[in-house]
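This report refers to the structure that appears directly beneath it.
What follows is calculated from the coordinates using simple rules that are stated; it is not laboratory data. Everything numeric here is computed off the predicted structure, so don't read it as measured data. Counting neighbours? That spans all protein chains shown, and the Cβs are built from the backbone with ideal geometry, glycine included.
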Amino acid sequence: MSKEESTATIHKRGLVMLITGNGKGKTTSAFGQALRAVGQGYRVCIIQFMKGRKYGEVLALEKYLPEVDLFQFGLDSFVMRGNPAPVDVDLARQGFAKAKEVVNSGDYDMVILDEINTAADFNLIPLEEVLEFIKNKPQDLDLILTGRYAPEPMQEMADMVSEVREIKHHYAAGIKDRAGIEY
Ligand code: ATP
Ligand code: MG
């Protein structure tokens, strides 16, 4: 199948895919999906909420897959649930404005909004606006939403919901963040 055929066939109905849960593997799963999609000729854009660090996946895209567009809206520090700093709210809203822009630009087949579930749960972005945004997405666009604590109404709107559940994590054994594993 040629690139043109594959995108045309697959994109008759875009999907909303949501990955949530308290285990490790949500963001890396979304990036894995991006890799698969790029291999099939999709134009992919990734927006990261509440993140500002040059994670391994960001470095890899810059170096090996510069055709994937990635935008970060966040600081390299934790956001406090219930008491976010004004700058965190501001950055999340900027990220959401960017998400609307790229989704409606027609420039992409797949848009990944990494940690938007958490941004909605933390009230950095009003949930109602996120729901409206999902409802109005262009029909042929695939939308991927990640982050723990995905609000129930977001899950209801999705075509696919996967929960990554922690069974165990090396953190509990005192094994700290490692380059190439955590970032
Ligand atoms: P990853 O980016 O590795 O796919 P994730 O997106 O599922 O993880 P997040 O909730 O976004 O997880 O948290 C990001 C960071 O927190 C990662 O460095 C990850 O290793 C770590 N982490 C994820 N789940 C857990 C957990 N259950 N206990 C401790 N640390 C965790
Ligand atoms: Mg994540």
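Within region 36-52, identify whether any single residue is assigned to a helix (DSSP H, G or I) and loosely packed, with under 14 Cβ neighbours inside 10 Å, and answer yes or no.
To start, the set of residues in region 36-52 that are assigned to a helix (DSSP H, G or I) comprises 36-39.
Going one step further and asking which of them are loosely packed, with under 14 Cβ neighbours inside 10 Å, we end up with 36, 39.
Within region 36-52, one or more residues are assigned to a helix (DSSP H, G or I) and loosely packed, with under 14 Cβ neighbours inside 10 Å.
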Inset, instruction - Name the one entry in Val68, Val87, Val102, Val58 that is buried (at least 17 other Cβ atoms within 10 Å of the Cβ), over 26 Å from Glu156 (Cα atoms) and out of contact with any helix residue (DSSP H, G or I) (no Cβ under 6 Å at 6 or more places or on another chain). - result: Val58
Inset, instruction - Identify the residue in region 116-139 that is within 16 Å of ligand 2 (Cβ to nearest atom) and buried (at least 21 other Cβ atoms within 10 Å of the Cβ) and, among all such residues, is farthest from Phe71 (Cα to Cα). - result: Phe122
Inset, instruction - Report yes if Val161 is within 16 Å of ligand 2 (Cβ to nearest atom) and within 24 Å of Val79 (Cβ to Cβ), otherwise no. - result: yes
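Restricting the search to region 128-148, which residues are touching a Gly at 6+ places or on another chain (Cβ under 9 Å) and either hydrophobic (A, V, I, L, M, F, W, C) or near ligand 1 (Cβ under 9 Å from one of its atoms) (or both)? Outline the logic, then answer.
We begin by selecting, within region 128-148, every residue touching a Gly at 6+ places or on another chain (Cβ under 9 Å); these are 137-143, 148.
Correct list: Leu141, Leu143, Arg148.
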Inset, instruction - Enumerate the helices (runs of 4 or more DSSP H) found wholly within region 72-183, keeping only those where 1 or more residues are under 14 Å from Leu18 (Cα atoms). - result: 116-121, 127-135, 152-157
